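Novice: Just passing along the structure, written as structure tokens.
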Amino acid sequence: MLEGSLRDFSLDEVLQMVSMGEKTGRLELKGETPFGKKEGSIFFKNGEVIDAQTNEYAGEPAIVDLLNIKEGYFKFVPEDVSHVKRSVTKSIPDLVLLATSKLDEWEKIKNKISSVDSVFKLSTEGIPDKIHLSPTQWKIISLLGKGLTIREVALKLNMTVIDVSKDVYGLVALRILKEVGEKDPNKGVMVRRRGAPRSFIIRLFERLRRL
Amino acid sequence: MKKYKIIISGPFAAGKTTFIQTITEIAPISTEAKTTKSDETKVKDSTTVAMDFGRITIDGENVLHIFGTPGQFRFNYMWSILGKDALGIVVIIDSGAEDTFEDAKDMINFFRVKTDAPILVALNQFDGKNKVDEEEIRKILNLPKWIPVVECNAKDKESVKGVLTKLLGLILAQGNVY
């Protein structure tokens, strides 16, 4: 068994050790990502990644989530994985690259979307005359329109929060969606509201008139 | 006290500081520094380097803060900082300063990418200068139809009130109101 803190070994180093040693078993990971605490397992067969599982996702989205852990713990447990169905075919360097590029995308997305717990409203003001939307974007719009957060939509569609955020970024740029606030992911209640109450704007109108 | 903010932006020497001075109820706070670049010293002696600040109190619980950004692209980190969570953005353009239109275009695009706040273009009319009209500036700046253009005189209180009233209408229609 291989066990330790990601302060002492980077996740890249741990993956290399398992891969180079052609190990078979389960790598348990637990720690902080830019999207909150994550916990899950990556399954290896002869040093190759075959599947992953978190509380939220399975397969590639789960790996992307787990590879974004920067601070936390790991434990490699050698065990038989013949019961695990292969869902991942990418090599470890490709998976690391994928996770890194998704994190880079998130850095850009953050300009328009402040959090994966953001809530949106549909808007029709100022949208272009013709818009082409993919089936996935339709699903995302429909779920966000019901008041779900990006995180909740990602769970429903088994997509990573970054992939959903990327689509949302485009929809916000097209002015189809507008961020209106943020929910507490644990309590499911709105904790931050963007903008101002309508009554404030009306009073400001009146105040300007009197100036 | 709940604080809300709007942003007054625009290229160098477009009239942003004057706009805020005209409408604020407090003595405006400015962060001016001596201009050092030769092309800028020809236009004015000092320039905003961090921000201008004005205020309109609504009642005992609500206040509107008016932030003016620096005009030069080299200070664009302040545009991001000030633009965060703004209710709306006014981009002031000197209607006679054709050499600044390209900067205005970059600035509008910057805010379109960085925020989802409604944007209004205010064409500031300086005396004795040739000026462009709304149709021309729309073409030059390649403005989408959701960004309106209004004429204004940054020194005239009624004119400034007119711009802000138009912006409030936009915020109600396009902005984050609940």
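The values are calculated or read from the model by the stated rules, or taken from the named source; none is laboratory data. This one's a predicted model, so the numbers in the text were calculated from it and none came from an experiment. Glycine gets a Cβ as well: all are built from the backbone with ideal geometry, and neighbour counts include every protein chain shown. Heavy atoms of the whole protein, side chains included, go into the accessibility calculation; ligands, DNA and RNA do not. Shrake-Rupley method; radii C 1.70, N 1.55, O 1.52, S 1.80 Å.
Novice: Being surrounded by 21 or more Cβ atoms within 10 Å (Cβ to Cβ), within 10 Å of chain A (Cβ to nearest Cβ), assigned to a helix (DSSP H, G or I) and within 16 Å of the chain's Cα centre (by Cα) is true for just one of B:Leu82, B:Leu64, B:Leu170. Which residue is that? Don't jump to the end; show me each part of the working.
Specialist: On the way: B:Leu82 fails: within 10 Å of chain A (Cβ to nearest Cβ); B:Leu64 fails: assigned to a helix (DSSP H, G or I).
Going through B:Leu82, B:Leu64, B:Leu170 in turn, the sole match is B:Leu170.
Novice: With respect to A:Pro93, determine if the residue is within 19 Å of A:Gly40 (Cβ to Cβ) and either open to solvent by less than 90 Å² (accessible area, probe 1.4 Å) or not charged (D, E, K, R) (or both). Lay out the reasoning, then the answer.
Specialist: Working: within 19 Å of A:Gly40 (Cβ to Cβ): no; either open to solvent by less than 90 Å² (accessible area, probe 1.4 Å) or not charged (D, E, K, R) (or both): yes.
No: the conditions fail for A:Pro93.
Novice: So, in region A:71-82, how many residues would count as being surrounded by fewer than 14 Cβ atoms within 10 Å (Cβ to Cβ) and touching an Asp or Glu at 6+ places or on another chain (Cβ under 8 Å)?
Specialist: So the answer is 2.
Novice: Only one of A:Glu107, A:Glu79, A:Glu71 is touching a strand residue (DSSP E or B) at 6+ places or on another chain (Cβ under 8 Å), acidic (Asp, Glu) and at pLDDT below 90. Can you tell me which?
Specialist: Working: A:Glu107 fails: touching a strand residue (DSSP E or B) at 6+ places or on another chain (Cβ under 8 Å); A:Glu79 fails: at pLDDT below 90.
Being touching a strand residue (DSSP E or B) at 6+ places or on another chain (Cβ under 8 Å), acidic (Asp, Glu) and at pLDDT below 90 holds for just one of A:Glu107, A:Glu79, A:Glu71, which is A:Glu71.
Novice: Related question: Only one of (1) buried (at least 17 other Cβ atoms within 10 Å of the Cβ); (2) within 14 Å of another protein chain (Cβ to nearest Cβ); (3) not in a helix (DSSP H, G or I) is not met by B:Ile92, so which one is it?
Specialist: Unmet for B:Ile92, out of (1) buried (at least 17 other Cβ atoms within 10 Å of the Cβ); (2) within 14 Å of another protein chain (Cβ to nearest Cβ); (3) not in a helix (DSSP H, G or I): (2).
Novice: Does region A:153-167 contain at least one residue that is without any contact (Cβ under 8 Å) to a residue 24 or more places away in the chain, surrounded by fewer than 21 Cβ atoms within 10 Å (Cβ to Cβ) and of a type in the set (Lys, Arg)?
Specialist: First, the residues of region A:153-167 that are without any contact (Cβ under 8 Å) to a residue 24 or more places away in the chain: A:153, A:156-157.
Keeping just the survivors that are surrounded by fewer than 21 Cβ atoms within 10 Å (Cβ to Cβ) gives A:156-157.
With of a type in the set (Lys, Arg) added as a condition, the list becomes A:156.
Within region A:153-167, one or more residues are without any contact (Cβ under 8 Å) to a residue 24 or more places away in the chain, surrounded by fewer than 21 Cβ atoms within 10 Å (Cβ to Cβ) and of a type in the set (Lys, Arg).
Novice: Still on this model: Need a quick list: strands (runs of 3 or more DSSP E) entirely within region A:1-55 having at least 2 residues that are surrounded by 18 or more Cβ atoms within 10 Å (Cβ to Cβ).
Specialist: Numbers: elements: A:2-5, A:25-33, A:36-45, A:48-54.
Filter on region A:1-55 gives A:25-33, A:36-45, A:48-54.
Novice: Yes or no: region A:101-123 includes at least one residue that is open to solvent by 30 Å² or more (accessible area, probe 1.4 Å), in the same structural domain as A:Lys37 (by TED's automatic domain parsing), farther than 23 Å from B:Asn176 by Cα and of a type in the set (S, T, N, Q).
Specialist: Yes, region A:101-123 contains at least one residue that is open to solvent by 30 Å² or more (accessible area, probe 1.4 Å), in the same structural domain as A:Lys37 (by TED's automatic domain parsing), farther than 23 Å from B:Asn176 by Cα and of a type in the set (S, T, N, Q).
Novice: Somewhere in region B:135-145, is a residue in contact with a strand residue (DSSP E or B) (Cβ under 8 Å, 6 or more places away or on another chain), open to solvent by less than 70 Å² (accessible area, probe 1.4 Å) and within 14 Å of chain A (Cβ to nearest Cβ)? Quick ask: steps written out before the conclusion?
Specialist: Of all residues in region B:135-145, those in contact with a strand residue (DSSP E or B) (Cβ under 8 Å, 6 or more places away or on another chain) come to B:137-138, B:141, B:143.
When the remaining residues are screened for being open to solvent by less than 70 Å² (accessible area, probe 1.4 Å), the result is B:137-138, B:141, B:143.
Now restrict to residues that are within 14 Å of chain A (Cβ to nearest Cβ): B:143.
Checking region B:135-145: at least one residue is in contact with a strand residue (DSSP E or B) (Cβ under 8 Å, 6 or more places away or on another chain), open to solvent by less than 70 Å² (accessible area, probe 1.4 Å) and within 14 Å of chain A (Cβ to nearest Cβ).
Novice: Hey, among the residues in region B:152-162 that are surrounded by fewer than 17 Cβ atoms within 10 Å (Cβ to Cβ) and more than 9 Å from chain A (Cβ to nearest Cβ), which one's nearest to B:Leu87 (Cα to Cα)?
Specialist: Out of the qualifying residues, it is B:Glu158.
Novice: Give the residue that is nearest to the other protein chains (Cβ to nearest Cβ), with candidates limited to residues of region A:179-203 that are surrounded by fewer than 20 Cβ atoms within 10 Å (Cβ to Cβ) and in contact (Cβ under 8 Å) with a residue 40 or more places away in the chain.
Specialist: So, considering only residues that are surrounded by fewer than 20 Cβ atoms within 10 Å (Cβ to Cβ) and in contact (Cβ under 8 Å) with a residue 40 or more places away in the chain, the one nearest to the other protein chains (Cβ to nearest Cβ) is A:Val180.
Novice: Just one of the numbered conditions (1) open to solvent by less than 30 Å² (accessible area, probe 1.4 Å); (2) at the interface with chain A (Cβ under 7 Å from one of its Cβ atoms); (3) modelled with pLDDT of 90 or more is not true of B:Thr165; which one?
Specialist: Of (1) open to solvent by less than 30 Å² (accessible area, probe 1.4 Å); (2) at the interface with chain A (Cβ under 7 Å from one of its Cβ atoms); (3) modelled with pLDDT of 90 or more, only one is false for B:Thr165: (1).
Novice: For region B:1-45, how many residues meet the condition of being open to solvent by 40 Å² or more (accessible area, probe 1.4 Å), at pLDDT 90 or above and under 19 Å from B:Asp156 (Cα atoms)?
Specialist: Residues meeting the conditions: 2.
Novice: Please enumerate the residues belonging to region B:155-178 that are within 12 Å of B:Val90 (Cα to Cα) and touching a Ser or Thr at 6+ places or on another chain (Cβ under 8 Å).
Specialist: Once the filter is applied, which keeps residues that are within 12 Å of B:Val90 (Cα to Cα) and touching a Ser or Thr at 6+ places or on another chain (Cβ under 8 Å), region B:155-178 yields only B:Val160.
Novice: Here are some conditions: (1) in contact with a Cys (Cβ under 7 Å, 6 or more places away or on another chain); (2) in a helix (DSSP H, G or I); (3) under 27 Å from A:Ile127 (Cβ atoms). B:Ala122 meets all but one. Which one does it not meet?
Specialist: (2)
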